[in-house]
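Okay, structure first, notes after.
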Amino acid sequence: MITRSRKVSDYKQLTKELPTLRYVDPEYVYINLNTARCKEYTLNAKKGDRVKLGEIIGERKGLFFTQPIYSTVSGHIEDVVEKIDSTGITVECVRIKNDFKDTYHEDITDRPDSVIHNMSKEEIVEIVKEKGIVGLGGSGFPSYVKLDTDKDIHTVVINAVECEPYLSSDYRLIKDQPEDIFRGLTYIMQASGAKRGVIAVKKTKTELIEVLEREIARFNEWNIQIAKLDDYYPQGWENATFEQAIGVKVPVGTLPMDKGILGYNVSTCASIYEAVKHNLPITKRHLTVNGDAVKFPQNIRVRVGTSVRELIKLSDGYSEEADKIEVIIGGPMMGVSVENDDVVVTPTTTSVLVFHSVDHKEEPCVRCGSCVFSCPVDIQPVSIMNAVKRDDTVSLKELEANKCIECGLCAYVCTSKIHVTDYVRKGKQQIG
Ligand code: SF4
Ligand code: SF4
């Protein structure tokens, strides 16, 4: 929850114009084997085995899908250890010692543009599935599932809004790799048959708009537009993005595909490019280290599996003792607060924020209604909180707690410092 006195825009400003640090060589990577979505896994490598960069070493199992597990370095398998992942849960991770040779697996080869140009929807979907591409904006949802839709898709929207305060990793990605984003978008349009592509970005990001408009000239055989959106939170919430970018309202609880839209986060779009063009799984990502208790806030291009503790050291460490700080993985509104920094970077880790810890002691609800007025999906956070306290599942269903997008606004505006979002999250879990 943001309780800092400094203006949040100051902190985006601190990192967004700094060159991205290319830190790609940790001595060890820790590849998470299970996730919140995939409780089970198989590991097809044992201690001492040599693995290559981009080699499949196992498989995760979700409810309706499986996901290959890839090594993000070349080196040796050492052990399976427990770490915290980007959703704040403890997961099992395979520790791989980096040999610093970056020996790529034989499968990692470029596809000529002429081959890609003639690929069918099924072929592109299969690559996205095989390479384990997931929503890198934080959702972790398998990207191929959306792409495999049988609905008529008219528009693909790339969400480059990055509305959470303090985060600038998507901003840096667009500045560093604009061509990858446009190419990824054309691959998604080719697979889905969409006639229009839209890249949605905040209208206040004039430097980014310049970059995108320069790049668009190279893709003039495609119908691609830049949508300039208002700068407010949560403009990056998919439904809000669609409404302002292309004027289509997607009611909460329905799927964008039903309205002929496919939406992807901008980092996911770049990873789809890497999968189709280079046959690469997600081995690296842009990540923001920021907050008022880290000495050198910056963006880092980091290998998946890197220890967050190392990234903090690279950022000159904490400006406070460990017991006086709070580490958040993800944005300040939707991220999770973790017990310590023994966390590993997964494909969905957008940022690591470190703040001076503040007193979060809750006071009684004063029934001001601020949480209700601020809720973007028009549910009643305070009533849901009270139903959670009463363990009243019937009311939770009636109050449609499951519509909550966990944007964090109800907690942010609460005058009594009540962790309202946590209660609503609990309510969602209670009704499944
Ligand atoms: S987190 Fe709170 S404000 Fe946001 S959608 Fe859920 S209930 Fe509404
Ligand atoms: S904002 Fe906080 S104090 Fe106001 S009604 Fe909601 S829970 Fe109660």
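Structure summary
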item: Residue count for the stretch 298-338, restricted to those that are among the acidic types (D, E) and either within 27 Å of N98 (Cα to Cα) or part of a strand (DSSP E or B) (or both); result: 3
item: Residue list for the stretch 360-380, restricted to those being near ligand 2 (Cβ under 8 Å from one of its atoms), hydrophobic (A, V, I, L, M, F, W, C) and surrounded by fewer than 15 Cβ atoms within 10 Å (Cβ to Cβ); result: V366, C368
item: Residue list for the stretch 173-204, filter: farther than 19 Å from I261 by Cα and buried (at least 23 other Cβ atoms within 10 Å of the Cβ); result: L173, I174
item: Identity of the residue in the stretch 407-416, touching a residue at least 60 places away in the same chain (Cβ under 8 Å) and of a type outside the set (A, V, I, L, M, F, W, C), that ends up nearest to ligand 2 (Cβ to nearest atom); result: Y412
item: Qualifying residue in the stretch 402-421 (condition: near ligand 1 (Cβ under 8 Å from one of its atoms) and over 25 Å from E162 (Cβ atoms)); result: no
item: Residue list for the stretch 341-371, restricted to those being assigned to a loop (DSSP other than H, G, I, E, B), of a type outside the set (G, A, S) and over 28 Å from T268 (Cα atoms); result: V358, D359, H360, K361, E362, E363, P364, C365, V366, R367, C368
item: Some residue of the stretch 381-403 being closer than 25 Å to S139 by Cβ, part of a loop (DSSP other than H, G, I, E, B) and away from ligand 2 (no atom under 16 Å from the Cβ); result: yes
item: Test result for K97, closer than 21 Å to V304 by Cβ, free of Cβ contacts under 8 Å to residues at least 40 places away in the same chain and more than 20 Å from the chain's Cα centre (by Cα); result: no
item: Yes/no for A194 being without any contact (Cβ under 8 Å) to a residue 12 or more places away in the chain and either in contact with a Pro (Cβ under 6 Å, 6 or more places away or on another chain) or of a type outside the set (S, T, Y) (or both); result: no
item: Selection from the stretch 69-91 of residues that are touching a strand residue (DSSP E or B) at 6+ places or on another chain (Cβ under 7 Å) and surrounded by fewer than 16 Cβ atoms within 10 Å (Cβ to Cβ); result: E78, D79, V80, V81, E82, T90
item: Subset of the stretch 148-171 [under 18 Å from the mean Cα position of the chain (by Cα) and surrounded by fewer than 24 Cβ atoms within 10 Å (Cβ to Cβ)]; result: C163, P165
item: Residue match in the stretch 377-397 (condition: more than 9 Å from ligand 1 (Cβ to nearest atom), under 30 Å from P297 (Cβ atoms) and of a type in the set (K, R)); result: no
item: The listed residue being within 22 Å of P347 (Cα to Cα), among the hydrophobic types (A, V, I, L, M, F, W, C) and in contact with a Leu (Cβ under 8 Å, 6 or more places away or on another chain), out of V134, V145, V125; result: V125
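Results for (1) touching a Leu at 6+ places or on another chain (Cβ under 8 Å); (2) in the same structural domain as S395 (by TED's automatic domain parsing), shown as yes or no for each residue.
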{"residue": "D341", "(1), (2)": "no, no"}
{"residue": "V344", "(1), (2)": "no, no"}
{"residue": "P347", "(1), (2)": "yes, no"}
{"residue": "T350", "(1), (2)": "yes, no"}
{"residue": "K361", "(1), (2)": "no, no"}
{"residue": "P364", "(1), (2)": "no, no"}
{"residue": "P376", "(1), (2)": "yes, yes"}
{"residue": "I379", "(1), (2)": "yes, yes"}
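The values are calculated or read from the model by the stated rules, or taken from the named source; none is laboratory data. Since the model is a prediction, treat every value here as computed from it, not as a measurement. Positions of Cβ are generated from backbone atoms using ideal geometry, with glycine treated the same way; all protein chains shown enter the neighbour counts.
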